[in-house]
1. Of all residues in segment B:107-142, how many are away from chain A (no Cβ under 12 Å) and open to solvent by less than 60 Å² (accessible area, probe 1.4 Å)?
2. I'm told residue B:51 meets every condition in (1) surrounded by 23 or more Cβ atoms within 10 Å (Cβ to Cβ); (2) within 14 Å of ligand 2 (Cβ to nearest atom) except one. Can you identify the failing condition by its number?
3. From the residues in segment A:66-104 that are among the small types (Gly, Ala, Ser) and closer than 24 Å to residue A:178 by Cβ, which one is farthest from the chain's Cα centre (by Cα)?
4. Could you figure out which of (1) at pLDDT 90 or above; (2) surrounded by fewer than 18 Cβ atoms within 10 Å (Cβ to Cβ); (3) more than 15 Å from residue A:378 (Cβ to Cβ) isn't true of residue A:444?
5. Taking the stated definitions as given, is residue A:311 at pLDDT 80 or above, surrounded by 14 or more Cβ atoms within 10 Å (Cβ to Cβ) and not assigned by TED's automatic domain parsing to the domain that holds residue A:176?
6. Looking only at segment B:48-76, which residues are in contact with a Pro (Cβ under 6 Å, 6 or more places away or on another chain) and facing chain A (nearest Cβ under 9 Å)?
7. Please return the ranges of helices (runs of 4 or more DSSP H) entirely within segment A:225-325 where 1 or more residues are without any contact (Cβ under 8 Å) to a residue 12 or more places away in the chain and polar (S, T, N, Q).
8. Given the structure, is residue A:472 in a loop (DSSP other than H, G, I, E, B) and polar (S, T, N, Q)?
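The values are calculated or read from the model by the stated rules, or taken from the named source; none is laboratory data. Since this is a predicted model, take the numbers as computed values, not measurements. Please note: Cβ atoms are built from the backbone with ideal geometry, for glycine as well, and neighbour counts cover all protein chains shown. Side chains included, ligands, DNA and RNA excluded: accessible areas come from the protein's heavy atoms. Shrake-Rupley method; radii C 1.70, N 1.55, O 1.52, S 1.80 Å.
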Amino acid sequence: MRNYLLLTKTLILCGLDIGPHDKGKLLDRNLMAGISLVAIVAIVAEIVKSLTGVVGAIVAAGGDGHAFVEQGLAVGMLAAFVMGVPMVLSSFYVSSDTTTLLSLPVPISTIAAARFTRCFFYAYSLVMLFALPTLISFGLATGAGVAYWVFAVVVFLLLPTVPLVYDSVIAMLVMRAFHRMHNKRLLTGIGTAVSLAFALVWVFVSVSKGQGDTMGMEAMLSSLGPVGAIFPNVPFAGAALGQLSVTGLLLYVASCAAFVALFLVVAKLVYYESVVGMTEMTTHNAALSGKDVASFGRVRSPMGAYVRVERAKILHSPFQMQVVLTELMWPAMFVIGLVMASTRPEGDVLGRVAQSASGEQAFVILTALTLCMTFFAAATNLLPSIAISLEGTGLSLVKTLPMRLSDNLRAKVLAILPADYLLSNFIPLAATAYCIANGTSPAMLPVVVVMGIAGTVAVCYLQMLFDLKAPNLKWLDPSSVGRKAGTIISMLACIALGLVVCAVSFVPVMLLGLPSVLSTAIGLVVSVGLAIGLRAFALSYGERRLRQLP
Amino acid sequence: MIEIKGVSKAYAGSRHKAVDNLSWIVPDGAITGFIGPNGAGKSTSIHMMTGSLEPDAGSILLNGVDIVKDPIEAKRQFGFVPDVPDVFLNLKAIEYLNFMADLYAVPTAERSRFLGEVPARLEIADVLDNQIAALSHGMRQKVIIMGALIHRPPIWILDEPMAGLDPKSAFELKKMMREHAASGRSVLFSTHVLEVAEKLCDQICVINHGRQLYLGTLEQLKARHPGMSLEDIFLAITEGGTGDATGDAR
Ligand SMILES: Nc1ncnc2c1ncn2[C@@H]1O[C@H](COP(=O)(O)OP(=O)(O)O)[C@@H](O)[C@H]1O
Ligand SMILES: [Mg+2]
């Protein structure tokens, strides 16, 4: 037990990256953390507000508030379950402290338990967003007494148990089954991708069911049905909260304990076999092939070489690939939405677009699509916002290379730009081609391309500015860099920027009743202007900032 | 040649100077050892010479080029091997070497000469197609050493280069350092292992707590402490702070 507490404390402290930082940086961190906290509280409050109305209505109509609570808790568990996959995989399998931990004289289940607990704490941030609003709004709407709030705290604190036990038990069994496979890191990448895809589809299905006259949130809850049933202790919590049943609460706590016991047994049996050999990588020990030697002999420009290396770094790292591919979230949502909309009776979207393709409306549609996709999708590719941090201690070697320090930033942006542009813009490009085929002026194609590239460049440099301001260069595990508060802030900033660009492009034109082709012109000019301005600022700031960084 | 003039550095938030008024010339045609216990300030000094850390005071010239005023030209003067070889882990070794060759515009003929000779000398020709992350510490060290030497820099700066190398490779590296110095160019390397310094160095600079304690040849140092072993001398200098070994030795 003592060992377990000691290990857990150490792991959590390492994960939070608390250490001797200089003062300015600490302030930045607190500021970032503060902003994130305010954002979360604001979101929770907003959800609570709308939910309280919903519960009020249900209760007033003599409905079953109890079912509402159960659904809310199931949503929280589901969120922890889905998002827990990458967390568990990185904590249990790709942390670089594995070698050290395995050499300690403690039982393997203690190590697993400490890592589980670390995930458990991280999971609160998710549960807070997804389940806390339900608990609060139910209490408020029914005017609950002290007993309810005490029960609610207990329920909330134990909420991540079952989903995380599922995640870690599945992960341990799968990794055990594949323990002979080389490059198991790849497996962890695939696992994360699958879970994110699942989350995406689920969110989308729920939201789209909510379209029409029912409220989104309510529909989302009711869509859960069978998925929520995999968490067997939800009814106990529902009884505890809905009817203030002490037995329900005890059963809930007991079921959590049983799940933890299950986890410990599985960990004891398979965790060692599943984690040992995680560091193995495929190697081929042989002299270089003639092709390699020939390629080595080709002289390239320094900048070209730099871009190539930055790209290779991304391609060879499952973690970085995963970060880049998250960008597909927006386009995937869009495609799913399109498909769902087309299945409705009134929804021949493509046909309607084709009809308006020859008119002025096409400019508006394509401009809006390009701006939104570019800014929103590129914002979800977090790589530029951790690019400097990913250099880690290697930054001091990079700084000794005979190039301007800002060239490093340029190379990073150039390396990511083609993928970033295509992932965020393949839909606007396809739409443009479709419209041109149906009568829109072909001049729209270069406009859409320039607008998309400029927007992507602007987003990359804006994200990079955030990383330059407060980088995290002292990590052991590259994936821990992704937990920097600044990444989320920079994403929000890019989305906000996208909204501003859209507003500037469309609102004045609409208010003044000007020809809508003007919106396209404004969108183009603003995107290009932002790209040039942000690039220049990021490069000059980066040059100065990189000189100071150790 | 490296000219270090009155260089000081305190890390942010620290009251103590990690490097305190260091002045010294690393001459051409010689191997210079930079010696001191762990935490003495060797790496900090080297990072200032290589432009990854800015000095609070003083200036550093590499072959006459100021590292702060004309960093890019100054950086072309040296090849640098950092103390931690864990950089560019995601790249294959050959990709890293290719990158360094392109960055310093090494011509094709020179590349093939290098590839034909150096990997075999360091015995890592067979692992160049692997990711650096899959190499052992010593192998990583060798890849980084190769990357630093591929553009034939006039100045070599190596931070603890022998750490992690097997005897044969350490021997080869020392031989390469001697050849380089013999061709009239300069080699600076740091170490806390006295035996390495003893056999190799033409000049040594001893520091501790950021302060320069001795500068000169090993023979002079031994002559001033007759009858004492090198280890004892070293302990006497570094423990004694600004002991009797400072001063006129330069
Ligand atoms: N990045 C850093 N930030 C703050 N202090 C540092 C940093 N690197 C080194 N130091 C401190 O500077 C002093 C000198 O360290 P260093 O130059 O690395 O020594 P050496 O290379 O001789 O072992 C030590 O006291 C060390 O704690
Ligand atoms: Mg050192």
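1. 6
2. (2)
3. A:103
4. (2)
5. When the stated conditions are applied, residue A:311 passes them.
6. B:51, B:72, B:75, B:76
7. Of the helices (runs of 4 or more DSSP H) lying wholly inside segment A:225-325, those with at least 1 residues that are without any contact (Cβ under 8 Å) to a residue 12 or more places away in the chain and polar (S, T, N, Q) span A:246-266, A:290-297.
8. yes
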